[in-house]
Number of protein chains: 2
Amino acid sequence: MTWVEVNAAPELIHTPPLRLKQKSADRTALNTDMYCLLKCSPLILAVAVCHGWLFGDFVGKQKELDEISLWPLPQKFQSSAVAFKLSPGSFQIVHAKQSSAGPSCSILVNAFRRYFEYMFGDLKKHEKSRKKVYDSDLAELQVWITSADPECDGYPSLQADESYELSVDEPSAVLKAANVWGALRGLETFSQLVYRDDYGANNINKTDISDFPRFAHRGILLDSSRHFLPLKVILANLEAMAMNKFNVFHWHIVDDPSFPYMSRTFPDLSQKGAYHPFTHVYTPSDVKMVIEFARMRGIRVIPEFDTPGHTQSWGNGIKNLLTPCYSGSSPSGTFGPVNPILNSSYDFMTQFFKEISTVFPDAYIHLGGDEVDFSCWKSNPDIKKFMVQQGFGTDYSKLESFYIQRLLDIVAATKKGYMVWQEVFDNGVKLKADTQIHVWKERPQYQDEMAKVTAAGFNALLSTPWYLNRISYGQDWVNIYKADPQNFTGTDAQKKLVIGGEACLWGEYVDATNLTPRLWPRASAVAERLWSDKSVTDVGNAYKRLVQHRCRMVKRGIPAEPLFVGHCRQEYMGL
Amino acid sequence: MTWVEVNAAPELIHTPPLRLKQKSADRTALNTDMYCLLKCSPLILAVAVCHGWLFGDFVGKQKELDEISLWPLPQKFQSSAVAFKLSPGSFQIVHAKQSSAGPSCSILVNAFRRYFEYMFGDLKKHEKSRKKVYDSDLAELQVWITSADPECDGYPSLQADESYELSVDEPSAVLKAANVWGALRGLETFSQLVYRDDYGANNINKTDISDFPRFAHRGILLDSSRHFLPLKVILANLEAMAMNKFNVFHWHIVDDPSFPYMSRTFPDLSQKGAYHPFTHVYTPSDVKMVIEFARMRGIRVIPEFDTPGHTQSWGNGIKNLLTPCYSGSSPSGTFGPVNPILNSSYDFMTQFFKEISTVFPDAYIHLGGDEVDFSCWKSNPDIKKFMVQQGFGTDYSKLESFYIQRLLDIVAATKKGYMVWQEVFDNGVKLKADTQIHVWKERPQYQDEMAKVTAAGFNALLSTPWYLNRISYGQDWVNIYKADPQNFTGTDAQKKLVIGGEACLWGEYVDATNLTPRLWPRASAVAERLWSDKSVTDVGNAYKRLVQHRCRMVKRGIPAEPLFVGHCRQEYMGL
């Protein structure tokens, strides 16, 4: 056994061992697994990847397979040992002649430049070359948008068609997609196919790919309230999301600790509710930049403005918005959830969500609705009186529903759809048919909750197994990878109501110093689960590809942390 | 309750809760604690800090106390509400007239510049001002080295005197130390005393400090074998170490996975044993730079070359160094620990450690000796024959001791002292009286091991509770902080044999992408335990200071992760 094998070995132990340092004995065991993996992997890949396709002659091409390491794995994939060379001096990404998109399509023009740089580094390093293109060269990638409207100036949506077909053959590769959203996904895949041979030359194998996402909603939640996240960190993570084919940025923008969203209608919200009114806020221009940066990458931005709980920071800027808590017969000076018995609360929400619905172009807003603490409501005599008047008895979840019901009507009037945390559904609030229920609780088991939500006919989104803020020692990506949103007892119709899931990185222990390496490549495990075919579940094969994929992210400037012992050709050069 | 209080609240729960998001109810509880902490903190500080000193009039000066946030807390500390202003345009750090050190003392000159920049930012931003110094200004800090030899050109050592006295009063502050090592610690403390008032002006309170470390050996172990650590990362962490008064960099430079140390005598070790022979190695010049960078900060560099186990990567470059393992009656092609029955092994070690003893100036080398796996030795017929010849029976720990004994003789001949992991002591190897035993195992309990080691008359170092590579969700710094190396049953003489401890960050899951935020500020908890008085154990008070100290590290460019919800005035601006 030499260390080179050790280096590549996946740790196939799912519960992280308690021992402090690796022991040689364990390593020997791992190597036996590894040996098998190396011997069997073309077969594993063939079974996992090819749904009815003939699999190319991969035997003896293990190295290239390793180098390619597509992530997430495409739905249909056929490759051959035939390799073409790409010259950074002459290779071009171009609009196909038949394409409905052209040079005015800024999404594509930006993406061409971005992926060229990912593949070949800084443009300036390569003198434009006029030299002859050889027979074995790949001269260009033609991007062919087939539908009449390429959606160059649109926003991605839940209904976006992200499918694409990619054919790599001499002298040109062709990427075919109905519109820019599929083209973006295909460009990422193309860039992942390019590898360097032993001489440092850029190569790509003859390949055919037909790809589409398994789920339409593949999100990342970042929390900019518990810690303020500088714009730079948000943008870097949007870049990483695109590298993993995520398409939703769920921006948990405000919460109890701080209110960094700068509202035009209610400037006091951030003026008095942010950690600092100038340095720790998102200005309207910042928000626009996030939305545009995300649009360029086919990513939707869904803001969450969570009420009636999680609103401590709102109270600083808006008088009488929160419920005064009582200690005995007098106010204690502290405040609880939004006061649901005052008309002024609903007037405020009407104006506030009117603004939000114009600032954020996505068709959906996340309205929260989780973890409402009843103790303050219970202490307040006016609330108690209202409970009696309404005939709610002592069931405060009825009061919560009363609030949510009115809020949903307010938001529905802005023509937006809404997402809510599962409590809103659990408490029996009347919901529009297209409401998306976001499942996050550990009890009851999420499988039961997914079954219940879909049985009631609602769209469901899963996050429970993907709370990536929770960390433990060792390779926890394996359990993240194994979770499946459709793994519950239900009819096919129920399964179809599962629109996807989100990896959540709550901010109690996370800020700009540690967010990116904590999120990546652990979120990549979620990315593959939500994009690739249901049958793609082989952990050993995933380990090999993910090791390469994280090195690819590192090479592109994302400080994605290592999965285990080993190295990248280009290590992270930041701090 | 407003969010501002929530933001500052320490989570006083020692086992991290399983709930996924903070609940308002818990927050209310926390705030009650917080309220008490705010009310009582001057008292807590007085008890914790002042050993027989009169405590200044701190009542009403809570803000300044918060801002100051010394870390680690000095041994004796007296401050008053009287504040002086510092002008970056005129303030100077100078050699005192009586000082035995002057402008040729590069350690001090470099430190003056470094700490000036930490306090006031880039030098260039401040025009040198000739304006009048006001009565309320602090004009300068005089650094007074009192011993005849300031040790400007020396290396720090186990015996270094790191004590200092600091007096801040108008018109000058005076820092008095026997030599440069104490002066470096005092400069760090001085820089921590400077705070900005509400107008952004630099202030420092009238203060007297008399300070010295509780333990002489306060180390950080970094592992550059499981992942290669670029020089930049090592240097940044040496900077952070100095900010926390650590004085030993234990460089676990090679191990099974890779051999990045470039040896002049045996270039094949890294040529064939590193992840890459050019990009993933430490050249002699790199090693020199690390040692000099550390010297400038009063930090010793102790390299570890662990044998006879943990040596897989050595085998690539040195033929016949490792034991061939057998499968039945024939060699299996894999290798075990260093072959202890060949003279060539000892010839190699003699030459190799001769080089190491000249490259690393410190008086100590760490020789490892941990986790020797006997299975390969047991499989090898030549080893078995040797066991019979030597009368070892089937006790392979006798063979291990046989090897270690000869190795210790080889290293002793280079005039170096040695540190070893506890197994070497546990196995009864005959050791020189000044050998340092490094305790790391969880079983038997480290308290028992510390008692045994010191009862046998050896110096002991603790690492068991400080394996910082092991992570869990929540505020694990609290248990790190509570561990005490002298917390075992033994005589005073035994306690005096405890020379300190080390925080270890093993590299299985750590590289340049995540090392720094994973280490800081968790290692800061170890720093205070090893520097400050034994009585400094108040977790609530530590939380408040550590929150500020980590923001100070962030301001100085170290991406130290947050302890909990909140913000820094200047957030981390890297990625």
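Structure notes:
- Scanning the range A:290-336 for residues that are in contact with a helix residue (DSSP H, G or I) (Cβ under 6 Å, 6 or more places away or on another chain) and of a type in the set (Ser, Thr, Tyr), we see that the one that is nearest to the other protein chains (Cβ to nearest Cβ) is A:Ser313.
- All positions within the range A:381-395 that are touching a helix residue (DSSP H, G or I) at 6+ places or on another chain (Cβ under 9 Å) and touching a residue at least 24 places away in the same chain (Cβ under 8 Å): A:Ile383, A:Phe386
- Single unsatisfied condition, A:Met573 versus (1) modelled with pLDDT of 95 or more; (2) within 14 Å of chain B (Cβ to nearest Cβ); (3) not in a helix (DSSP H, G or I): (1)
- The single condition among (1) over 20 Å from A:Leu231 (Cα atoms); (2) out of contact with any Asp or Glu (no Cβ under 9 Å at 6 or more places or on another chain); (3) surrounded by fewer than 20 Cβ atoms within 10 Å (Cβ to Cβ) that A:Val338 does not satisfy is (3).
- Enumeration of residues in the range B:448-467 that are more than 21 Å from the chain's Cα centre (by Cα) and more than 21 Å from B:Tyr418 (Cβ to Cβ): B:Asp448, B:Ala451
- Looking at the range B:275-346, the strands (runs of 3 or more DSSP E) lying wholly inside it that each contain 1 or more residues that are of a type in the set (Val, Ile, Thr), touching a residue at least 12 places away in the same chain (Cβ under 8 Å) and in contact with a Pro (Cβ under 7 Å, 6 or more places away or on another chain) sit at B:322-327, B:330-338.
- Among the residues making up the range A:431-485, those that are of a type in the set (Ser, Thr, Tyr) and within 11 Å of another protein chain (Cβ to nearest Cβ) are A:Ser463, A:Thr464, A:Tyr467, A:Ser472, A:Tyr473.
- Of residues in the range B:420-430 being assigned to a helix (DSSP H, G or I) and within 14 Å of another protein chain (Cβ to nearest Cβ), the one nearest to B:Phe402 (Cα to Cα): B:Glu423
Quick grid of which residues meet (1) surrounded by 23 or more Cβ atoms within 10 Å (Cβ to Cβ); (2) over 23 Å from B:Pro260 (Cβ atoms); (3) touching a Phe, Trp or Tyr at 6+ places or on another chain (Cβ under 6 Å):
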| site | (1), (2), (3) |
| --- | --- |
| B:Thr311 | yes, no, no |
| B:Gly317 | no, no, no |
| B:Asp347 | no, yes, no |
| B:Thr350 | no, no, no |
| B:Glu355 | no, no, no |
| B:Pro361 | no, no, yes |
| B:Ile365 | no, no, yes |
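- Each residue in the range B:168-205 was checked for being more than 26 Å from the chain's Cα centre (by Cα) and more than 17 Å from B:Leu70 (Cβ to Cβ), and 10 pass.
- Residues (within 14 Å of chain A (Cβ to nearest Cβ) and either in contact with a Pro (Cβ under 6 Å, 6 or more places away or on another chain) or β-branched (Val, Ile, Thr) (or both)) located in the range B:347-390: B:Val372
- Just one of the listed residues (A:Trp144, A:Trp251) is away from chain B (no Cβ under 14 Å) and surrounded by 24 or more Cβ atoms within 10 Å (Cβ to Cβ), and it is A:Trp251.
- Hey, B:Asp511 crowded, with 23+ Cβ neighbours inside 10 Å and acidic (Asp, Glu) or not: yes
- Residue match in the range A:539-555 (condition: charged (D, E, K, R), within 30 Å of B:Thr279 (Cα to Cα), surrounded by fewer than 22 Cβ atoms within 10 Å (Cβ to Cβ) and facing another protein chain (nearest Cβ under 8 Å)): no
- Of all residues in the range B:174-183, those that are in contact (Cβ under 8 Å) with a residue 40 or more places away in the chain, touching a helix residue (DSSP H, G or I) at 6+ places or on another chain (Cβ under 6 Å) and not in a helix (DSSP H, G or I) total 0.
- When the residues of the range A:230-248 are filtered to those that are touching a Leu at 6+ places or on another chain (Cβ under 8 Å) and within 14 Å of chain B (Cβ to nearest Cβ), the one that is surrounded by the fewest Cβ atoms within 10 Å (Cβ to Cβ) is A:Lys232.
- Test: residue in the range B:415-424 that is among the β-branched types (Val, Ile, Thr) and in contact with a His (Cβ under 7 Å, 6 or more places away or on another chain): yes
- Among residues of the range B:82-101 that are within 18 Å of B:Val143 (Cβ to Cβ) and in contact (Cβ under 8 Å) with a residue 24 or more places away in the chain, those with a beta-carbon under 7 Å from a residue that is of a type in the set (Gly, Ala, Ser) and part of a loop (DSSP other than H, G, I, E, B) at least six positions away or on a different chain give the pairs B:Phe84/B:Ser136; B:Ser90/B:Ser129; B:Ser90/B:Ala139; B:Phe91/B:Ala139; B:His95/B:Ala101; B:His95/B:Gly102; B:Ser100/B:Ser147; B:Ser100/B:Ala148.
- Residue within the range B:558-568 that is more than 9 Å from chain A (Cβ to nearest Cβ) and either basic (Lys, Arg) or under 21 Å from the mean Cα position of the chain (by Cα) (or both) present: no
- Taking the criterion of being outside any strand (DSSP E or B) and among the small types (Gly, Ala, Ser), the residues of the range A:203-257 that qualify are A:Ala216, A:Ser224, A:Ser225, A:Ala236, A:Ala240, A:Ala242.
- Check on B:His280, within 14 Å of another protein chain (Cβ to nearest Cβ), under 20 Å from the mean Cα position of the chain (by Cα) and either within 29 Å of B:Gly557 (Cβ to Cβ) or not charged (D, E, K, R) (or both): no
- One residue alone among B:Gly186, B:Gly200 is farther than 23 Å from B:Thr537 by Cβ and either in contact (Cβ under 8 Å) with a residue 12 or more places away in the chain or in a helix (DSSP H, G or I) (or both), and that residue is B:Gly186.
- Of the listed requirements (1) among the hydroxyl-bearing types (Ser, Thr, Tyr); (2) within 18 Å of B:Trp251 (Cα to Cα); (3) within 14 Å of another protein chain (Cβ to nearest Cβ), B:Ser285 misses just one: (3).
- The residue that is farthest from B:Ile253 (Cα to Cα), among those in the range B:486-513 that are among the aliphatic types (A, V, I, L, M) and more than 13 Å from chain A (Cβ to nearest Cβ), is B:Ala493.
- Output for the range A:273-287, where each listed residue is surrounded by fewer than 16 Cβ atoms within 10 Å (Cβ to Cβ) and not β-branched (Val, Ile, Thr): A:His276, A:Pro277, A:Phe278, A:Pro284, A:Ser285
- Cβ separations smaller than 7 Å between residues 6+ apart or across chains give the following pairs from the range A:143-158 residues that are in contact (Cβ under 8 Å) with a residue 12 or more places away in the chain to residues that are assigned to a loop (DSSP other than H, G, I, E, B) and among the β-branched types (Val, Ile, Thr): A:Pro156/A:Ile299.
- Single unsatisfied condition, B:His227 versus (1) buried (at least 24 other Cβ atoms within 10 Å of the Cβ); (2) away from chain A (no Cβ under 14 Å): (2)
The values are calculated or read from the model by the stated rules, or taken from the named source; none is laboratory data. Keep in mind that this is a model prediction, so the values were computed, not measured. Cβ coordinates were reconstructed from backbone atoms using ideal geometry, including for glycine residues, and neighbour counts include every protein chain displayed.
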